[in-house]
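Undergrad: This is the structure I want to talk about, given as structure tokens.
The values are calculated or read from the model by the stated rules, or taken from the named source; none is laboratory data. From a predicted model like this one, the values you see are computed outputs, not experimental measurements. Note that each Cβ is placed from the backbone with ideal geometry, even for glycine, and that neighbours are counted across all protein chains shown. Heads up: the accessible areas ignore ligands, DNA and RNA and are worked out on the full protein's heavy atoms, side chains in. Shrake-Rupley method; radii C 1.70, N 1.55, O 1.52, S 1.80 Å.
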Amino acid sequence: MSIQIENLTKIYNPDTDFPVTAVNHVDLQVEQDEFVAVMGPSGSGKTTLLNMMGGIDRPCEGTVIIDGTDITQLTDKELIGFRRDSIGFIFQDFSLLPVLTALENVEFVMQLQGKSRTECEARAVELLNDVGLGDRLSNVPGKLSGGQQQRVAVARALAPKPKFVLADEPTANLDAQTTYGLLDIMQQLNEKEGTTFIFSTHDPRVIERARRVIVFEDGKVAEDRVARAQKPEDRTL
Amino acid sequence: MLLKLAWKNVWRNRLRSGIMVAAMVFGLLGVILMVGFMKAMTDNMLDNAIKYQTAHLQIHNPDFLVNEELEAWLPRADAMAREIRGISGVAGVTVRHVVDGMLASAASTRGVRINGILAEDESAVTSLEESLVDGKFLPEKGRNPIMVSKRSAKKLNLRIGSKVVLTFSDIEGEVSGAAFRVCGFFKTPSTGFDEGNVYVRRTDLAGYTGLNESHEIAIRLEDGDAVDAFRQRVEAVVGDSGIVRDWGEVQPILAAMQGTMGISNAIIIGVFVTALGFGIINIMLMSVFERTREFAMLMAVGMTGGKVLRLVVMESLMLGSVGSVLGLLASSLMIAITGTVGLPFGRMAEGLGAFGLDAVLYPEVTMATYLGTLGMLMVTSVLAALYPARQILKKRLSEALAERN
Ligand SMILES: Nc1ncnc2c1ncn2[C@@H]1O[C@H](COP(=O)(O)OP(=O)(O)OP(=O)(O)O)[C@@H](O)[C@H]1O
Ligand SMILES: [Mg+2]
């Protein structure tokens, strides 16, 4: 798996007097198994970048090539299928369906892929066990804490066996303790499933756990460094 | 899973959905009762008209239809009647000698249609005998008996045994008249009919008019729905001697009422269903807009626009179905009860007599009406989902995701 971004540019309101260049001629490469944090001040263009990588938004210029496919050239319909099968999404506000149980929330995205009931259930149970919610399968989101909800969201993102997971500020609504718990789980799954994680964050706690940190400023990559990821045991609270 | 999701989404806001369902149930109760009542009213009017006045088929001399004159008598009337009586499925045939005249008592005078009848034949055709409220139904014995309505009796201050005088033109064009003695009072549901008709023995009347013929044949069939079939057979018997008309031609207003009732009911139901449709659109719009981010998330993780549309339509259809089914069940229960017990009109009954209505009506709603209403509601529920679904689908995904709610 590889993501290759070339000359990626997004300008909002291009034809007005106040165009906003949210992402400015960015080149970037992400490989299999990476655990990447995109950090930067508010308004630096992190969300815009992730949206274009995830086929949610289209760039004005440039290409996003995922395993040899330039997703900026896909039709809307093809993009939907691509998002469904190849990308896991984690959102800041968890975005679970409040009327479905934890198990159903995870199963649902697999059913969109047309997988069989038994297959969906088996994988959903396995993933919810992995994120430590094996005893909360039939709880609805309202009966779970924020951290637990985000863990369900992690299980949901991984359920369709995506090529990579995009998480836009996944820990912004969580306290420190919960953040570390979630990061542990994401790291474990990153290793176990071999799934690439790319997340944006302001949070220094998250950055210290990333193996690669991309610093984004004014729509550009200001710094791209490989961090020495700490093991869970070494962490400081 | 989509079905389950839709069903649960419908009950996310129980109060809102509950209010919509309640609106549908109460609305349907009102509309269905009204439709059932209107049908009962027209049916009752028709039944009464056929029962007491028109019978199913009538035969006249064509000239009589233009001008109800004594000379416009129907040739071979009794012979034709005998022949028609022989047709199986004919319940009764009566031959009347009819003349317009004046009914005078010591107190007052009024214009009436004098029907000369054979009591036994008349009873086989109309329900006049059952409508007798006092006295006797034209006895064979006794001198010049006459039956007047209870209503006329009151106005003319008559009692059983009172003497009245009938005046009319005889076949020579001379004013003729005779004294009759009141033998009975009848009372049909129609006040207009009651005031305008009196009954005497045919032989008595023919004696005074000097015409030993008759003017009108009325036929009652065993099956009131088979009028068209019998009409042809009766016409074959009548030939050129007269004109055969069914009840609808005799009382075209009633026929028109029956004909338009279906349409007017459909319009009432249609307007109501449309109003409910707007209610559903409103509810679905609210429900969809407050879930903008949720739909955005679903589309981000790979739900197609088609599936989103299906979800919204299902939700709308489920809401509509619950309301319709509960509403129609409640309505049919209410129609079953009022249709058995009847809706009494008490003091208003007197006024209804002008329309030839009974004092108690039994609302009735056909299965076709229930199913038609249900079908219209289902279609409307689906249509009501389209606009809200479109509103959500036309948003840009990245913007919908960024929305806070
Ligand atoms: N739909 C839009 N229309 C116009 N400008 C936009 C739109 N979305 C984002 N922008 C602008 O683009 C720039 C980058 O926004 P973006 O949301 O990508 O930043 P971010 O790094 O994710 O910020 P934050 O940390 O606050 O989430 C900002 O200046 C923002 O105001
Ligand atoms: Mg952002």
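Undergrad: Take the Cα coordinates of chain B, assign each an equal point scatterer, and use the Debye formula without solvent to give log10 I(q)/I(0) at q = 0.09 Å⁻¹.
TA: Here the Debye-derived log intensity ratios amount to -0.68.
Undergrad: Quick one: grab the alpha carbon gyration tensor of the range B:172-225, order the square roots of its eigenvalues as a ≥ b ≥ c, and give me rounded if a/c is under 1.5, else prolate or oblate depending on whether a/b is larger than b/c.
TA: oblate
Undergrad: Here is a follow-up. May I ask for the net charge around residue A:123, where only other residues with Cβ less than 12 Å from the Cβ of residue A:123 are counted and Lys, Arg are +1 while Asp, Glu are -1?
TA: Here the count lands on -2.
Undergrad: Something else about it: List the trypsin sites (Lys or Arg not before Pro) in the range B:1-87 that DSSP assigns to loop (not H, G, I, E or B) and whose Cβ has at most 14 other Cβ atoms within 10 Å. Which are they?
TA: B:12
Undergrad: Return the Rg/Rh ratio of the range B:62-241 with Cα-based radii and a Kirkwood Rh.
TA: That ratio is 0.97, to two decimals.
Undergrad: So if I restrict to the alpha-carbon atoms in the range A:112-237, what is the Rg, and what is Dmax, the biggest pairwise distance, in Å?
TA: My reading of the Cα-based Rg and Dmax gives 15.5, 47 Å.
Undergrad: What number comes out for the charge environment of residue A:101, summing +1 per Lys or Arg and -1 per Asp or Glu over other residues with Cβ under 13 Å away?
TA: Neighbourhood net charge equals +1.
Undergrad: Might you work out the accessible area of residue B:174 for me, using a 1.4 Å probe with all protein chains in place, and round it to the nearest 10 Å²?
TA: 110 Å²
Undergrad: Okay, next question. Arrange the residues B:11, B:247, B:73 by how much accessible surface each exposes, largest first, with a 1.4 angstrom probe.
TA: B:73, B:11, B:247
Undergrad: Let me ask something else. Please give the net charge around residue A:7, taking every other residue with its beta carbon less than 10 angstrom from that of residue A:7, where Lys and Arg add +1 and Asp and Glu add -1.
TA: -3
Undergrad: Follow-up question, since we're still on this one. At a probe size of 1.4 Å, how large is the accessible area of residue A:83, to the nearest 10 Å²?
TA: 10 Å²
Undergrad: Another one. Mind checking the mean number of beta-carbon atoms from other chains within 10 Å of the Cβ atoms in B:392-404?
TA: Mean shielding count: 3.
Undergrad: How much of residue B:228 can a 1.4 Å solvent probe reach, expressed as accessible area in Å² and rounded to 10?
TA: That residue has around 110 Å² of solvent-accessible surface.
Undergrad: Would you please classify the overall shape of the range A:1-86 from the alpha carbon gyration tensor, given that a ≥ b ≥ c denote the square roots of the eigenvalues, rounded means a/c under 1.5, and beyond that prolate means a/b larger than b/c while oblate covers the rest?
TA: oblate
Undergrad: Work out the mean other chain Cβ neighbour count within 10 Å for the residues of B:299-312 and drop it here as an integer.
TA: The mean count of partner-chain Cβ atoms within 10 Å per residue comes to 5.
Undergrad: Along the positive direction of the dipole of the protein assembly as shown (beta-carbon charges: Lys, Arg +1; Asp, Glu -1; about the Cα centre), which of B:360, A:32, A:162 reaches farthest?
TA: Sorting the options by dipole projection puts first B:360.
Undergrad: Hull surface divided by four, with the convex hull built on the Cα atoms of chain A: how many nm²?
TA: For chain A, averaging the hull's shadow over all directions gives 13.1 nm².
Undergrad: Return the Rg/Rh ratio of the protein assembly as shown with Cα-based radii and a Kirkwood Rh.
TA: Answer for the protein assembly as shown: 1.35.
Undergrad: Sticking with this structure for a sec: Projecting each Cα onto the charge dipole of the range B:62-241 (Lys/Arg +1, Asp/Glu -1 at the beta carbon, about the Cα centre), which of B:226, B:144, B:106 comes out farthest on the positive side?
TA: Toward the positive end, the furthest listed residue is B:106.
Undergrad: Okay, moving on. Which of the helices in chain B, when you take each full DSSP H run, stretch at least 27 Å along the axis at their Cα atoms and have an average Kyte-Doolittle score of 1.0 or higher?
TA: Qualifying helices: B:14-48, B:252-289, B:305-341, B:367-393.
Undergrad: Just checking the output field for A:86-92: average partner chain Cβ neighbours within 10 Å of each residue's Cβ?
TA: Counting Cβ atoms of other protein chains within 10 Å of each residue's Cβ and averaging gives 2.
Undergrad: Summarise the accessible area of the protein assembly as shown (1.4 Å probe, protein heavy atoms) by the percent that is carbon and sulfur.
TA: C and S atoms contribute 55 percent here.
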